[in-house]
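Nothing in this text is a laboratory measurement; each read-out follows from the coordinates by a stated rule. The shown structure was predicted, so the numbers you read here are calculated from the model rather than taken from an experiment. So basically every Cβ, Gly included, is an ideal-geometry build from the backbone, and we count neighbours across all protein chains shown.
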Amino acid sequence: MFDFATITHWVDELLRSFLPHATATLVECILIGLCLLLGYALIALVLIYAERKVCAFFQCRIGPNRVGPYGTIQSVADMIKMLTKELIDINHIDRFLFNLAPFVVIIASVLAFGCIPFAKGLHVIDFNVGIFFLIAVSSIGIVGILLAGWASNNKYSLIGAMRSGAQMISYELSIGLSILTVVVFTGSMQLSTIVEGQADGWLLFKGHIPACIAFIVYLIAGTAETNRGPFDLPEADSELTAGYHTEYSGMHFGFFYLAEYLNMFVVASVATTLFLGGWMPLHVPGWESFNQIMDYIPSIFWFFGKTGVVIFIIMWFKWTFPRLRIDQLLRLEWRYLLPLNLLNLFLMVIVVVFKLHF
Amino acid sequence: MILENIKNKFPEASIEEGALLTITVETGRYRELALYLKNDGGLAFDFLICMTGMDWGDSLGVISLLQSTRHEHKLFLKTFTTNRENPELPTVSDIWETANLNEREVYDFLGIRFINHPDMRRLFLRNDWVGYPLRKDYDANPEVNPVRLYSEETFDVTPSFEATSHGGEVSEKENVLFEEDEYVVNIGPQHPATHGVLRFRVSLEGEIVKKVDVNCGYIHRGIEKMCESLTYPQTLALTDRLDYLAAHQNRHALCMCIEEALGLEVPERVKYIRTIMDELNRLSSHLLFWSTLCMDMGALTAFFYGFRDREKVLDIMEETTGGRLIQNYNVIGGVMADIHPNLIHRVKEFLKYLPPMIKEYHEVFTGNVIAQQRLKGVGILTRENAIAYGASGPTGRAAGWSCDVRKHTPYGVYDKVDFKEIIHTEGDSFSRYIVRVEEIMESLHILEQLVDNIPEGDYAVKTKPLIKLPEGHYFKSVEASRGEFGVYIESRGDKFPYRVKFRSPCLPLVSIVDQLARGNKIADLIAIGGTLDYVVPDLDR
């Protein structure tokens, strides 16, 4: 299987061959930053196009089909439009916080994006509390949303932000606990170890019942965490017009928009990494030739393929279900998901202690 | 019997007999008579269908059409005041709740102040409007009321007028709508869930709705005033613009009212065509209801399903009438043109097409846990309140009130077809929803019986080029898509109507929002608004 580490090492050696150590590191940092941002923007564009097409097909429509073949350049055109749009100056707002909020949101999502192992050897930071770090940085986004709602000085925005705060803090529990279930199983918080541990079968299969429960809970909580339907209460368009980002225009709105899609990607890729083996190909113990054939498919395809499937499921939710009400949303978390999760964690501990897994 | 009872009790009341009794009473005993009509077991006039403010030249007054839901009899109750400077009438808003908004409307258009009415604000026009447009001596000079380019002020206090005990003096009192420190959010006039330019001022405590204040008039076009300067055939075009989702039904009511006044009998073929079109109109309206409700609840895909199917109904109507939303099809004495040869065939195709789709609707929305949780038990309307507020149509039927005009006073060919009046008793949002979905099936059933049996004949009878209605007042109502739509015409024998009043089915629906939404969440307010299914141009007129 192709290891992306060979490329990165080659670049590393090339730089070090003619640059001093510190400068080389600096250049590498900048290169990695550029690559990440480029990937970030590219994935956002693809996702926006995908969402528009997927929802169009759900709704018996064609979707974007004018700009470029099958409308593929539509989201690029939209991006250019968004970048050149005026930032409307609003009176009676807390200007500093108002302008800060979209950056907090986007920084949180870029940081989380940077932790994901995209393919074999294609991993920016891989340290021993990787998944813990990922949860930590991704929850900074809430601060941005609360700030946006508060600083807008708009009643709709404030209600949206408060809903969002309540919702995200609640569902963070479920995300944390379902990830903890995985950590109990793999015995490590390092993402590379978690992926390597799934070489002989994805966790969803190895951990059977508790892993499946954790996966479902994670998907529900992850959807809620990204403020997507049916949990899109913070921006419930029929109630709060646009919730916390009502007052934002131009690229500031664009940041929220991008962050929403990228958060969906992050949630899906974490689900892939933890439960579906990340970039690991599908291996069935005992089927040697089958495993070898699977190994010919590059790891990056495995990763994006699986993430794509998870993203499709999340989109499917959104375009099928009606929206919940705030009390029902919180009841779902605190009355059902949280106890279920705790029980599930206990079950996983039993499975691990008595070695009941495959 | 009614006549004798009233004569005995109120000997001074003058009574005209006609198609319906008209009782005129002096201001002094107006309230007493109203209470008697409402509370007497043999009369039990508990439903105020329509209240019309009138300027009779020498006097100003109101004429109300009352109905008893128990005995199914109707009568007109009339009172007046000759004081044109400071016209004052006693309120009946505590007897029939629906009079609350109606009296505000009368105040707005005629300047009659209702004593002891809790909230004497203008309903449709701006606070700073000069004059009362429906008075015959109204000055329509644009210099008096120029187009004002600033927003009108919103007041948190409303005036009301009370009769003091000593000597009938009237004192003004102020009622506080919203306290200084309340968190008041504007839902509308530009809001995706109000389905038009309607404005709710909602007082919130966190997510919980404490009070809703309705502000209408953002799309008020003065249609009733316009009708007074149009000939009868010209007035027809305006009804389509009231409730644009029930354009055909509205016009049906006006045509029937004029035909009845003229004593014109329309051919059987016309009745069939009108009924078929009414039902197609109802189908398109209910499909739109389903779609928009789903959208309000966040199920956007379902919205498109509904629109996909509604499109087919619109296509059918377009072929015959030339219009999709506004049909302009009914005329006095018949319909504008004969049906398109494809109509029968296409309706039959549609009858086969829709039932599986409705099944799909149930799968994608009705059966969904989230949808059921959002709708069941939310915004419960009792039968008593439905009658008192006059919330007829599917909303009333969901509360257990049998109020289908098609059943109770059949028009068109509704007496010849077999159909069920869908009645549910829970009165919550879910039953309002399901009543409409079941009515779609009933409409299909009605169409099924009609399409094959359209008799041959003329599609219109010849009328005189200049139509003059005989002197008198006339009322006719139809079951429009969202309730009873009525037309009240008062004629003085001219080619122009003296006064036209449209009984809007949506005004009562909006008046119950406050009651239903109190104590619920903001999201419930949207669900309640969605299931009440009001159309704003209809209530604003």
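Take the alpha-carbon centre of segment B:434-454, take the same for segment A:51-75, and report the distance between them in whole Å. First find each Cα centre; the distance between them is then 37 Å.
For A:K355, a cut-off of 29 angstrom between C-alpha atoms picks up these lysines, skipping any fewer than 8 places away in its own chain: A:K120, A:K206, A:K306.
Among the listed pairs B:K312/B:K359; B:K468/B:K501; B:K173/B:K211; B:K74/B:K211; B:K173/B:K501; B:K7/B:K38, those whose Cα-Cα separation exceeds 24 Å are B:K74/B:K211; B:K173/B:K501. The distance from the alpha carbon centre of segment A:270-322 to that of segment B:384-399 is 55 Å, rounded to a whole number.
Quick one: compute the contact order of segment B:183-222, relative version, from alpha carbon pairs under 8 angstrom and 6+ residues apart, as a percent. Provide the component values of the computation, followed by the final result.
Details: 65 pairs, mean separation 13.2, N = 40.
After rounding, I find 33 percent.
Peptide A:324-334 has a mean of 4 when you count, residue by residue, the C-beta atoms of other protein chains within 10 Å of its C-beta. Cα centroid separation, segment B:75-138 to segment A:157-187: 56 Å. Oblate is the label for segment A:266-358, because the ratio a/c of its alpha-carbon gyration tensor axes (a ≥ b ≥ c) is 1.5 or higher and a/b is not greater than b/c. Taken residue by residue and averaged, Cβ atoms of other chains lying within 10 Å of the Cβ of B:206-213 number 2.
As a length-normalised measure over Cα pairs under 8 Å and 6 or more apart, the relative contact order of segment B:223-540 settles at 27 percent.
Could you work out the relative contact order of chain A, using alpha carbon pairs under 8 angstrom and six or more residues apart, expressed as a whole percent?
Values: 514 pairs, mean separation 78.0, N = 358.
Answer for chain A is 22 percent.
Helices meeting the span-like rule in chain A (full DSSP H runs, Cα extent of at least 27 Å along the helix axis, mean Kyte-Doolittle score of -1.0 or higher): A:21-58, A:95-114, A:155-186, A:250-275, A:299-318. Were the residues from B:S229 through B:R492 laid out at 0.36 nm apart, the gain over their Cα-Cα distance would be 93.3 nm. Within the listed set A:D94, A:D295, A:D327, the Gaussian network model of chain A (springs between alpha-carbon atoms below 10 Å) gives the highest mean-square fluctuation for A:D327. For the protein assembly as shown, the Cβ-based charge dipole about the Cα centre amounts to some 1320 debye (Lys, Arg positive; Asp, Glu negative; other atoms uncharged). Name the shape class, rounded, prolate or oblate, that the alpha-carbon gyration tensor gives for segment B:1-138, where a ≥ b ≥ c are the square roots of its eigenvalues, rounded holds for a/c under 1.5, and otherwise prolate holds if a/b is larger than b/c and oblate otherwise. Prolate, since a/c reaches 1.5 and a/b exceeds b/c.
Does chain A come out rounded, prolate or oblate, given a ≥ b ≥ c as the square roots of the eigenvalues of its C-alpha gyration tensor, rounded meaning a/c under 1.5 and, failing that, prolate meaning a/b above b/c?
Here chain A falls in the oblate category.
Take each residue in B:290-301, count the other chain C-beta atoms within 10 Å of its C-beta, and the mean is 5. The phi-based Karplus calculation (6.51 cos²θ - 1.76 cosθ + 1.60; θ = phi - 60°) puts the 3J(HN,Hα) values of segment B:65-82 at 9, 10, 9, 9, 6, 7, 9, 6, 9, 10, 7, 9, 10, 10, 9, 8, 9, 8 Hz, whole numbers, x for Gly and Pro.
Annotation: extensible slack from B:K7 through B:H445 equals 153.0 nm (criterion: 0.36 nm per residue apart, minus Cα-Cα distance).
Each residue of segment B:220-227 was assigned a 3J(HN,Hα) from its phi angle through the Karplus expression (A = 6.51, B = -1.76, C = 1.60, θ = phi - 60°), giving 6, 10, x, 5, 5, 5, 4, 4 Hz with x at Gly and Pro.
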